[in-house]
Each structure stands twice: as C-alpha cells, then as structure tokens.
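Right, one structure below, let's go through it.
The values are calculated or read from the model by the stated rules, or taken from the named source; none is laboratory data. As the structure is a prediction and not an experimental result, all values here were calculated from the model. Neighbour counts run over all protein chains shown; Cβ positions are idealised from the backbone, glycine included.
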Amino acid sequence: MERDDYEMLTSQDVDRSIRLLDSALSTPRKSLLKISRKQSRKVDDLDISKDGSFSSPLSFKPKISKRSSLSVENVYDNSITFGANEIKKLLSETSSVGLTQNQNTAKAAKDRLFFDFLEIWQTHGSIREVFESILDFVQCCSHTVTSIKNVWNQNLTKPGFFDEKILTEIESERNTWRLIYALYQNRLALLMQQEEENEEEDEENDYFLQSVSEKEIMLSLYKNDRVIRESQLVVDWLEQNASDLADGYGLEQYTDKTIAWENTLHELQSKKPIPYKSSRELITQLDPDAPHREKKALHDLDKEDDDRLIQEVYQEIRRGHLDAAQSACAHAGQSWRAALLEGWRLYHDPNYSAKNNQVQREPLPVEGNPYRDIWKLSAWKMCEDVTMPLKARASLAAYCGHLQTLLDASVSWEDQLWSYLKVSIDAKVEKEIREISLKSYVEMPQLYWNNIVTLEEIFNELQASKNPLVRRDAMSPEHIVQKYLVLDQIPQLMEEVSKWIQGSDMSVGSDYESVSPHFLRFLTHLVLFLRRIGRSECDSVGDAVIEAYVKLLIEMRESKLVAWYVSQLSQEDQIYYYAAFLEEITDSEERNACLKAAQEAGLNVDVITKTVVENIRQQSPSNDVATMEVQPDVSPEDLIKISALDWLLYYPGQRTELLIQTNALIANFLSAGNIQAARLAFNKIPDSTIDLIVSSNVNDSLTDDTYINLVLNNMPKQVSCATKEYLCYKAYLEADESFSDWFQYFNHGKPIEPVLKEGANFSEKVAFQHKYSQYKINYDRWKISMDSKTATTKTLLYNVLLFPMGWLVDDENVEDNDRTVQLSGLRSIVIPKVTFLLHTVMHGMEDYSGCVALSDLIAAEQYKLYKVFSKQKLQDFLSKALESSLELMNQGKDPWGYTVV
C-alpha cells in the first residue's frame, strides 16, 4: 500500500472512530464497547494485540493522531473524549437501597473519626510516642477520605447525595496533621543528633572553607538556618497536598511515545489535502522556538496537545514531581522542554569532596549546571515574555524565582503560599551562594532579590491578596491554624481559637460559622498535642476547647468519649460536665455503662453521682417522661427526681450518700405536702441500707447499747444525723400509712346495722332477725380488727411524737443552719398533723381518756411538743380536747376521765 493511500485510509478510520465515540456519548444507554444490538461482546472477547490495538471493528490504525488511539487503559478512562470516572457514570446503576447504604457508609466513616482519635491518643500515651499519634491521625483521616470518595464516586449522578464541604474539611485536617508532624519533628529534634552533626561539621570545617560547591553551600544553609529549613518543609507539605488532591484527576497523555507536533509535521509533509487541516497558518520549521520566532501557529490538534502538556508539566511541578514533568515532556517528543527544566540544578563536583578523595578510585560524574546563573537570567526573561503561555512561564518561574508569574498561575491560597515560599527560598539560597562562592555570577534583576521576605510578610501578603478567593481562604479557620503553626506562634493561635469557641454554637444540629464538629475534634487534639510536648500556652483556652468538645460529645451521648475527654479538665469541671451529662441518662443499662466509663477514665464517681442527684433535685429538667408510670398526685418532674436516686444505688459504698440525698428529697416532698412522692422516694432505699451503714461505721464490740443509741452515739456526726433522719421519716410514713388504712377501714369497712321497717309482717321479722344476727357477727369481727388496727396505728403515731431525742431533732453540735431551719419547718408541719391524727383515732374509737392524756403529752416539758404548734393549731387541738372532755362528762366522769365518786 502506498503512503498516500495509507494516509487516506488512516483519515477514514479516524473519522469513523470519532463518529462511533460521538454515538456512544449521545445515547446514554449505549455502552462504548457495545458491538451490536442483538449480541454484546465482553471486553475479554476483544482481541488485543501486543501493540495495544484491537483486532475488531473498533480497532484503530496505530501511530496516527492522538484522537484516533485507543489502548487497554483508555478503554476505561484515558481518552480525550472521556474524562475521569465518566465510564463509571455510564455504567453505574445504583438502586435507592444501595444509595441509602452508601450514605450510611459515608456517615459511619466520618463519625468513626471521633472514636478512632481517642483510641489513637490512648494507645500512644507517652511523649516518646507523640509523633506516632500524629502519623496515625494522618492515616485515619486518609482512610476516611478514601472511603468517602469511593462512596461518592459511585453516586455522582445522585443530586444532593453528599456535602463536599465535609470531604474538604477532613482533607484539610489531614493536611494540617501532616504539617504538624513535619514542623515539630524538626523543632523537637534530639540534642544528641545535633551534637553528632556538630562534630562532623568541625572535622570538615577547614576543608569546607577552602573548596565548596553550590550544592554544599545550599546543604549547609539548610542545616544551619531553621527558618529556611522549615520553609522547605512547608513547600514539600504543599506539594504533597497538591499531589493527593490530584490523585485520579490529573492530566494524562493518551498516546504511545511519539514525536513532537506530529500533526503539524504530517500536514507540512503531506502532498495532498488532508481531512483535518489546520484553521490557521502553520509554522514552516519545527524547532522549539519556531512558533515564537515566526509568529505562526501549530496544527490545531498539536496546539491542543501542547496546551495539555504545558498544563500537565506545571501541575506536576506544583506537586513536586519534576521527574514526572520531564517524563511527560519526553513522552510527548519534547525532550528539549525536559532539558529546559534541568538548568536550575546547583553545580557540584563530588571529586573535590574530602570524603570522596579518601576512597575515590574512579572519577565521579559532575552534578548540576555550571552556567546556572545564565540559565536563571534567561528563564527570568522568558517569564517576562507575556506572549508565551502562562503555565509554560510558570513552570520556569518556579526555578528562576519570578514571583509574579507564579502568582498569575495560582488559583488558591495554597498555590500562592507555595509560590511565595518557592521564590523566597530560591532567593535566599542564591544570596548565600553568591556571598560564599568565589565564582562570579551574572546579575539578577532587583525584583528577584525583593523575594527575600519573612514568613510573617508572606502571610500578610496572602491576607491582602488581589484574588478575593485567596483573601477569603486566608481567613478560614483551617488556614489560620496552619499559618500560626508555621510561624510557631502558639499564643496568637490560641487567641484566635478562643474567638471561634466563644462565637460558635456547639450543638450538633447547628449551622457552624467557624467551628464544626470535626474541626472542634481537631482543635481538641491539637491542644492535647501541644500540652504533651510542653507547649501548653494559654491553658484556659485549651480548657475552653476541650469543654466545647465535651458539650458536643454530650449531645452525641457517647459515654466513653465524654468520660475520657472530661478527665482532661480540672477536677471541678470534671464533676460539673460529667454530672450534666448523666442528668440526661434515664436507661438503667446506659447509666451503668456511663459509670463504668467514668471509672475507667479515673473520674470521681462518688462526687459526680452525688452532684447529679443534687442538680436534678434542685431543678426541674424538661426530660421526656412519657414512658414513666405517673402515680396519683406525683408529677413527672417528681418522678425524675426520684429516679435520679438510682445513681447512688450502683455502689454499696455510696449508701450513706443515698441516705442523705433521699432524706433531702423526702424533706422537700413533705414540705410541699406530697406524701405519696415522699413514700416513693423512701422506697428507693434498700432494706439492708441501715445495717450496711452501721456495720461499716460502728465497731462490732459495741453491742450493749440500744440500736438507736448505737446510731446516735457511735457514728460520725453526718452519718448519725442522716441515719436518724431516715428513721424519723420511716416512723412518720409508717404511721401515716397505718392511719390511712385505719381511716379507710373505720369509715368503709364497718357493717351497716339492718333496720326493721314499721308494720313488718312475720316473714320480714324472721328475715330481719337473720340479718341482725349476721350483722352482729360481722360487727364483732370488725370490732376485733378495728381494735387491732387502732392499737397499731396509735403505737405508730406515738412513735413519731415520742421519737428518742425528738422527731427530726439534730444534735446540738450540728452547725448546718439551713438544715436546722428545714427540719424545724417539717416538725411544725408533721407533729401537729400526727397529733390531730392520733386524736381522730382515739376519739373515733371512743377512747376519750386517751384524747385528754394526749393533751398532757403535748404540754409536757419533757418533750416540749407544744413549741412546734402555732397559736391557731394549738387552739384547734384544745377545742378537740374539749370535745373529748365533754364526752367523758356525758359518761359520768370528770373532764380528765376519772370516775366521779
């Protein structure tokens, strides 16, 4: 086949292939690899030859225009027509169930960070392992980003599937942890390593002054100048971030290795018209400078490929992949462009090195460019030529120090920071070389030397950038943190953090202006890291950050997380925040888990549970109590307070505190007249409580005294008072319950005497006699039961009035005035009430003498019960006593119940 015929056939194949691709794109349901409507072929069925072409109707002729080449790789992703992940879009058929599962997977991946970070920090608990923690943080964030991206890429066609802000936030956090690792590894280098380096430096110092290369000067500068060394670390960090950001999305070359500008060459050499003739006048020569020198264009396809190559080269340089950029140039047949990127390298002849001379047997190759200064000035002038493509100039500007060109090519805060640092380091190294080296160099423009600026000046320039996007990004919390970490200005960083914490709502569902849950998690662990390495400036701000994070975790109801991070606060704050967390927990198993987590975290469980009960008793929380069984006359708020006592039931050692808190709650209920709630609270105390308290506070040898004297005289004052108060409430509640039972039986259990109606006939009289006999039997039975109940009730009521040392009367040595006032108030309520109840029982059972004797008891100086009566209540009682005296007089006795002789 002749060359012209081959070229015509090639053009026809190209035209037909592009039509096939356009057809595949225009009909979404058609697969790119679909052969026919009736029968499809799998990719495996296609015969792929060794050179990468297909021996099928879709195969293209090799070595033609890039638009006509398909290889094994670009079947999926590498064609010019199809971008990254587009084949996945065409083939993706995710169901709604799968979408929900993917959403849950993505959510679980990012929520898992809260637990993973705690596990990492606990695993590496010593200062020697602090950087292991940072590396694990980076890896954890990277895995999360990968998981989210995988789910996201499978659901790109689902509108509103995922918020890109979350992904960006976690990526930014990962990058910040990388920065922390790089900077603080350098800042906290061991002194031993520094001493070893100094010894080696002393040995070589004399020779270094005599013979030194550009590379050696640079290495010495990096070794001795902390600022330039850290600046280079930041540059490396920015390049790594850019590399990660571009993974899976970078530009790629889509042909086998070829020559430069092949379509232009083909048109220039072709004798006949070709289908794809350029729309502009072509260059006549193919040297690298031809387009610029002749002011003419390349072929349209070559121009497109050239732009793509220039873009790729710049992006690879931005990612720190100079070798990849040069490989791309060589792959595209533009080795001259790859060679152009070699001219910046520092000159170094290793044959003059003292170390090499000692063992050298053969000459070593020379490194770098001996005419580097000329290359740099030439590259600078090329950057000044605005007729060249911007990204081509920017690729050179990164190595010749032309700042403005780099800034013009920058689109983000990271890009501009990289640009400033890149040229600043270059200028500082160049200055050091020219000051030390004996070689003469060509002069660089003054604008080049203006690049020597401080890190503070660089960040100020970013904050005042002409690019509004860069200005906005410079004020973002993530970049502010990175800025102060680079500047090593921890106090200023903490000042900014304080503003964010004070100005943000920490609830889980709020729209954060500055602080999101994941950023708050990051700030918390940053504070912990700084504390561990001894950089805990502004501890109050650090505590505020941890407190804010604890509030967030409380909203999430994660007991293990809450307990551990609360343990990082002061003792007072530990009690306050964990008690606040426990107030919202009502499930018994969940409560047990919370207490276990508190113990593992080293919290003071006894004080915390006490605080929980006190807080709930003193407040009226708006808890959801719909599941609680509400008793008559007991409000939902009352049930919450009663349920809070369960916090003191988990540990036997807290029985004394349980007694104290229950007593206080009962006192509140009795003061409010809510005896039913008081009884429910009283029933919370296990029956074995008093015995347990006595056995743990009293010597076993004390067995001769009565039980009550044992309690009063042989225990600590607080325990003794609490125990006696409990016994007082027990006596009163038993008496009140007994009276209620007596009253119910007295008024509703008494048999009703049958009545014989007038004019009853014989049958009715017989029936009446039978009913009356049955009534007498029932009445006698009721009278016996009533007498028994009366005796029991009287005994229980008298137990209150005659309680040893007085009902709710504390020892005189107790100095709690509030308690004294409260108990006195309760006595003024309960003692008169019990007195009236006792009078009702005896008067109802016609024990009028007992009623009069009760008056003597109230007036007795031994008990001084009359002192708790108000004037009105005392008058009411005397009126009832008068009624009993009148009944005695009606029985022929004197007013005091004695028989009149």
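With the structure loaded, tell me whether ARG655 is farther than 24 Å from GLY806 by Cβ, at pLDDT 90 or above and among the charged types (D, E, K, R) or whether it fails that test.
Values: farther than 24 Å from GLY806 by Cβ: yes; at pLDDT 90 or above: yes; among the charged types (D, E, K, R): yes.
Against the criterion (farther than 24 Å from GLY806 by Cβ, at pLDDT 90 or above and among the charged types (D, E, K, R)), ARG655 qualifies.
With the condition kept exactly as written, say whether any residue in the range 807-822 is aliphatic (A, V, I, L, M), assigned to a helix (DSSP H, G or I), out of contact with any Pro (no Cβ under 6 Å at 6 or more places or on another chain) and buried (at least 16 other Cβ atoms within 10 Å of the Cβ).
Checked against the condition, which is being aliphatic (A, V, I, L, M), assigned to a helix (DSSP H, G or I), out of contact with any Pro (no Cβ under 6 Å at 6 or more places or on another chain) and buried (at least 16 other Cβ atoms within 10 Å of the Cβ), the range 807-822 yields no hits at all.
Out of all the residues in the range 409-441, which are farther than 30 Å from GLN311 by Cβ and assigned to a helix (DSSP H, G or I)? Lay out the reasoning, then the answer.
Taking the range 409-441 first, the residues farther than 30 Å from GLN311 by Cβ are 431-441.
The answer is LYS431, GLU432, ILE433, ARG434, GLU435, ILE436.
With the checklist (1) surrounded by 12 or more Cβ atoms within 10 Å (Cβ to Cβ); (2) touching a residue at least 40 places away in the same chain (Cβ under 8 Å) in hand, flag the one item GLU764 doesn't pass.
Among (1) surrounded by 12 or more Cβ atoms within 10 Å (Cβ to Cβ); (2) touching a residue at least 40 places away in the same chain (Cβ under 8 Å), GLU764 violates only (2).
Taking the condition of being farther than 19 Å from LEU520 by Cβ and either of a type in the set (Lys, Arg) or at pLDDT 85 or above (or both), how many residues in the range 151-178 meet it?
Quick first cut of the range 151-178, residues farther than 19 Å from LEU520 by Cβ only: 151-162, 164, 178.
Then keep just the ones that are either of a type in the set (Lys, Arg) or at pLDDT 85 or above (or both); that gives 158, 178.
Number satisfying all stated conditions: 2.
What helices (runs of 4 or more DSSP H) completely inside the range 540-613 contain at least 2 residues that are within 19 Å of GLU119 (Cβ to Cβ) and out of contact with any Lys or Arg (no Cβ under 9 Å at 6 or more places or on another chain)? Walk me through how you get there before you give the answer.
Values: elements: 559-566, 571-582, 588-600.
Qualifying helices (runs of 4 or more DSSP H): 559-566, 588-600.
With the requirement that a residue be closer than 16 Å to ASN451 by Cα and not in a helix (DSSP H, G or I), what does the range 383-401 give you?
GLY401, the sole residue that qualifies.
Could you tell me which numbered condition VAL130 fails, if it satisfies all but one of (1) among the hydrophobic types (A, V, I, L, M, F, W, C); (2) at pLDDT 90 or above; (3) within 21 Å of VAL235 (Cα to Cα)?
Exception for VAL130: condition (3).
Give the number of residues within the range 367-409 that are touching a Ser or Thr at 6+ places or on another chain (Cβ under 9 Å) and more than 29 Å from LYS215 (Cβ to Cβ).
The total comes to 1.
Name every residue in the range 379-394 that is surrounded by fewer than 16 Cβ atoms within 10 Å (Cβ to Cβ) and not hydrophobic (A, V, I, L, M, F, W, C), in order of residue number.
Of everything in the range 379-394, those that are surrounded by fewer than 16 Cβ atoms within 10 Å (Cβ to Cβ) and not hydrophobic (A, V, I, L, M, F, W, C) turn out to be LYS381, GLU384, ASP385, THR387, PRO389.
Can you find, within the range 328-352, the residue that is farthest from LYS391 (Cα to Cα) among those that are in a loop (DSSP other than H, G, I, E, B) and free of Cβ contacts under 8 Å to residues at least 60 places away in the same chain? Before you say what the answer is, go through the steps one by one.
Initially, the range 328-352 is screened for residues in a loop (DSSP other than H, G, I, E, B), giving 332-334, 341-347, 349.
Going one step further and asking which of them are free of Cβ contacts under 8 Å to residues at least 60 places away in the same chain, we end up with 341-345.
Numbers: LEU341: 13, GLU342: 17, GLY343: 18, TRP344: 18, ARG345: 20 Å.
Selected residue: ARG345.
Being among the hydroxyl-bearing types (Ser, Thr, Tyr) and over 19 Å from LEU837 (Cβ atoms) is the filter here, so list the residues in the range 857-895 that pass it. Reasoning before the result, please.
Quick first cut of the range 857-895, residues among the hydroxyl-bearing types (Ser, Thr, Tyr) only: 863, 866, 870, 879, 884-885.
Passing the criteria: only SER885.
For the range 750-777, which positions are over 30 Å from MET845 (Cβ atoms) and either among the small types (Gly, Ala, Ser) or not in a helix (DSSP H, G or I) (or both)? Give the steps one after another, and end with the answer.
Looking only at the range 750-777, we keep the residues that are over 30 Å from MET845 (Cβ atoms), and these are 757-767.
Passing the criteria: LYS757, GLU758, GLY759, ALA760, ASN761, SER763, ALA767.
Counting just the residues of the range 364-378 that are surrounded by 14 or more Cβ atoms within 10 Å (Cβ to Cβ) and touching a residue at least 60 places away in the same chain (Cβ under 8 Å), which one comes out farthest from LEU346 (Cα to Cα)?
That would be LEU377.
At least 2 residues that are touching a helix residue (DSSP H, G or I) at 6+ places or on another chain (Cβ under 8 Å), more than 18 Å from SER395 (Cβ to Cβ) and at pLDDT below 90 in each: list the helices (runs of 4 or more DSSP H) lying fully within the range 243-327 that qualify. Steps first, please.
Details: elements: 262-269, 290-294, 300-318.
Here the list reads 262-269, 300-318.
Quick check on the range 411-451: of everything there that is among the small types (Gly, Ala, Ser) and surrounded by 16 or more Cβ atoms within 10 Å (Cβ to Cβ), which residue is nearest to the chain's Cα centre (by Cα)?
In the first step, residues of the range 411-451 are kept if they are among the small types (Gly, Ala, Ser); the result is 412, 419, 424, 427, 437, 440.
Imposing the further condition that a residue be surrounded by 16 or more Cβ atoms within 10 Å (Cβ to Cβ) reduces the set to 419, 424, 427.
Values: SER419: 34, SER424: 38, ALA427: 43 Å.
Top of the filtered list is SER419.
Which count do you get for residues in the range 565-578 that are surrounded by fewer than 22 Cβ atoms within 10 Å (Cβ to Cβ), under 20 Å from the mean Cα position of the chain (by Cα) and either closer than 18 Å to HIS525 by Cα or small (Gly, Ala, Ser) (or both)?
The total comes to 3.
For the range 363-382, how many residues are of a type in the set (Val, Ile, Thr) and assigned to a helix (DSSP H, G or I)?
Within the range 363-382, residues that are of a type in the set (Val, Ile, Thr) and assigned to a helix (DSSP H, G or I) number 1.
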